[in-house]
Amino acid sequence: MSKRRLRLKSLALRGERRLSAGLMQHRSPAWSHDGELLCYSVGDENNSAWVVVDRRGRIAAHFTGPCVGRSSFSITGAMAFGRRFGNLSEIWGSPRPGILPVRLCGGDGCSYLDPAFSPDGKSLVYAVSALDQPFQIGVCALSSGDRRLITRDALRSDGAPAFSPDGQTLFFSGQSSEDDSSAIFAIDLDENRLVRITNSGSLNYHPAPLSRDWVVTERRETAAGRSSLVFVDRSSGRERALSEGELDQRDPACFVGGKGKIRIAYSSLLRTTDDHPPRFDVCTGRLKGLELLDEVAPPDGPVTEPFEKLSPEDVEDAQAQA
């Protein structure tokens, strides 16, 4: 495998443009496998829906809400997204945009959030909570329907799982119930190892992986503060802010295309007049100054096997290391 080169000083988000417009909220974008489509939520709480748009923002399909959490595309063209039902949330899916969805997870008294397909399309990971318990990361093998938990930490609520492009690392955000801190964790599936990759002193949410080592995250210095996009190199511990000025950017999603071209979609807070409250729009841009020299390919086999080996002790070890 060829080496990767990283020059943090030249790393920047360029060519930003606003993809959505209007007086409604637009949040939580997700890229299709080929980077030609985006799915995001439109509206507020009970009055919201998922829409699928092309790269010019033209609507290709929509799914009724109320929206909750995030959405995901599979390499097969299938989609999964969160819906709220009363006090619970469920995950629904469609074989492709335009076909009526069916329920994938829910109806059992648990809440399900933040679906994410594995790069090979064989598994679906998600956040799940039973009754009033913290959210944990679970996985479902799509061919058999078998489900299992990946994390089991009673003192941490986990969510927003996302695979590296090669499918060998699973990132997620974890919020501690003891001090409300929020960090990004990574599970290296080939080594069956869980590690914390962001330092204490800041709140980190919604990891958007570029590789096994590189991830873009949403970061806040305080719970009420503005959010910024930050690039994290877990191998060296180096970081670089991608947001500039007083921008409030959230919900990052990354697409790694051919020849190392990287596109980022995110929600940006638009501060309007007194007559209209602040709202979020979906924006896109290109990440410049980063060279991805090695080819990324999904694994040949299923990625679910290492999950069976992960134990609660692994999670405790990761907390001790942090």
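Summary table
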| read-out | value |
| --- | --- |
| Entry for percent of Cα pairs over 24 Å apart (calculated from the structure that is shown) out of [x] 59; [y] 62; [z] 51 | [z] |
| DSSP-assigned coil residues among GluC sites (Glu not before Pro) in segment 168-218, each with at most 14 further Cβ atoms within 10 Å | GLU178, GLU191 |
| In sequence order, calculated HN-Hα J values of segment 172-188 (Karplus, 6.51, -1.76, 1.60; Hz; x Gly/Pro) | 7, 9, x, 10, 6, 7, 7, 10, 6, 6, 9, 10, 9, 10, 9, 10, 7 |
| Exposure proxy ranking, count of Cβ atoms within 10 Å, fewest first, for VAL102, VAL195 | VAL102, VAL195 |
| Exposure proxy ranking, count of Cβ atoms within 10 Å, fewest first, for SER72, SER164, SER235 | SER235, SER164, SER72 |
| Cβ-defined net charge surrounding PRO97, 14 Å radius [Lys, Arg +1; Asp, Glu -1] | -1 |
| Highest to lowest packing among 280-286, 114-120, scored as the average C-beta count within 10 Å | 114-120, 280-286 |
| Likely footprinting exposure, MET79, MET24, fewest C-beta neighbours within 10 Å first | MET24, MET79 |
| Calculated [θ] (222 nm, deg cm²/dmol) that DSSP helices of n ≥ 4 give over the chain, each run adding -39,500 (n - 2.57) | -1000 deg cm²/dmol |
| Local electrostatic count at SER228 - Lys and Arg +1, Asp and Glu -1, tallied over other residues with Cβ under 12 Å | -1 |
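Rule-based calculations on the coordinates, nothing more; no lab input. Nothing here was measured: the structure is a model prediction, and the numbers come from that model. Because the Cβ atoms are built from the backbone with ideal geometry, glycine has one as well, and the counts that use them run over all protein chains shown.
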